[in-house]
Each structure stands twice: as C-alpha cells, then as structure tokens.
Amino acid sequence: MRLAFRVLSILLDYPSKEFKELAMNIEDVASAVEAENPKVARLLRRFVGSIKVDNVEELFVSLFELPANCSLYVHEYLLKGKEDELGRFLLELKGRYKLRGYDMDTRRELPDYIPVILEFMSLAPEEDLRLFAKRYLAPVLPRLEKCLSSRGGREYLLLVEALKELIDSIVR
C-alpha cells in the first residue's frame, strides 16, 4: 500500500522528470504494486496507457490549474464556505506532519495538497493511515471525481479510482 501511495503522489503531482521516469517504467512499478493491490496496479497501467507522456503537462494544467479547475487541495472541498478556518486547518495538518518527523517544504506546496498527503502516507506510521484516509481523503475523493467527470478528465479519474480503492481498504 505504501508504494501505491508514493506512486499516486508522483502521478497526481505536476508532471515532472520523476513522473516521466515512472511512466516509462510502469510495468515494473505496477508489478511491484500488484503485490499490495492488483486492482490499483491495473488502474496505474491504464492511466499511463491512456495519456501521452510527452503532452501530459497540457492535460494536467487544463484540469487542475486553469480557472474553473478541479482542485488538488483538500481545503477546497472540506472548507467550502468556511474559508476563515483555512489557517487553522493548514496548521493542524502541518503539525501532524511535524509530529511524525515529516518535514515538508511549505514554499513549494500547501500541506493539504493531495500529492503531499499521499507522500506522507507512504511514510507514515500505521495509526496515521486511517486518520488521514478518513479525515482528509475519503470526503474529498467523490467531489474530485465529480469535478473530473464534468471536465473530461477521464485519464485522471483512473488515479482517483485507484486512490479510492486504497482508502476504502483502510477505512473498512
């Protein structure tokens, strides 16, 4: 499961060199994930097979960065109408990371960026997995899925489905 969280962290982040390397080695990566969760491994293969790795930045920007986009920030879904709670929410999350020795670069991203949460979950102690799955991801994924469906993000829906599979296995 931890490897799957790390892989999803890379694939849901802005496409980088690491993203492209992972995509080029998807068979090896998916084979390793298969031992954790065969369904997630199949979804990872389908995602990489459905995108054009050389043009994936364009797709990412159109879905996640342009106005009227689908957000990869948890607060966009959990705090709608309660934006005055954002500071406290982000401090709480950053505090949870710090408690476990996870030192994130807040100059790069906010603590509630889904790829950051997934990276933490790939390293976190068991007791944190259930908390993070229930509190920060489970309530957000159906809304992200709906947003991607309405904007034609079928490729990224495969990653959300993989993430839902992992979260469901933890929350059950």
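The values are calculated or read from the model by the stated rules, or taken from the named source; none is laboratory data. These figures come from a predicted structure and were not determined experimentally. Cβ placement follows ideal geometry from the backbone for every residue including glycine, while neighbour counts extend to all protein chains displayed.
Any idea which of Arg88, Arg108, Arg143 is over 29 Å from Glu58 (Cβ atoms) and either more than 11 Å from the chain's Cα centre (by Cα) or among the polar types (S, T, N, Q) (or both)?
Selected residue: Arg88, the only one of Arg88, Arg108, Arg143 that is over 29 Å from Glu58 (Cβ atoms) and either more than 11 Å from the chain's Cα centre (by Cα) or among the polar types (S, T, N, Q) (or both).
For region 53-100, which residues satisfy the criterion of being in a loop (DSSP other than H, G, I, E, B) and either in contact with a Pro (Cβ under 8 Å, 6 or more places away or on another chain) or among the aromatic types (Phe, Trp, Tyr) (or both)?
Leu72, Arg100
Among residues belonging to region 128-140 that are in a helix (DSSP H, G or I) and touching an Asp or Glu at 6+ places or on another chain (Cβ under 9 Å), point out the one that is farthest from Leu79 (Cα to Cα).
Within region 128-140, the match that is farthest from Leu79 (Cα to Cα) is Ala133.
Of everything in region 40-52, what is surrounded by 14 or more Cβ atoms within 10 Å (Cβ to Cβ) and assigned to a helix (DSSP H, G or I)? Give them in sequence order.
Val40, Ala41, Arg42, Leu43, Leu44, Arg45, Arg46, Phe47, Val48
With the condition kept exactly as written, say whether any residue in region 87-104 is at pLDDT below 95 and of a type in the set (Asp, Glu).
Yes - at least one qualifying residue is present in region 87-104.
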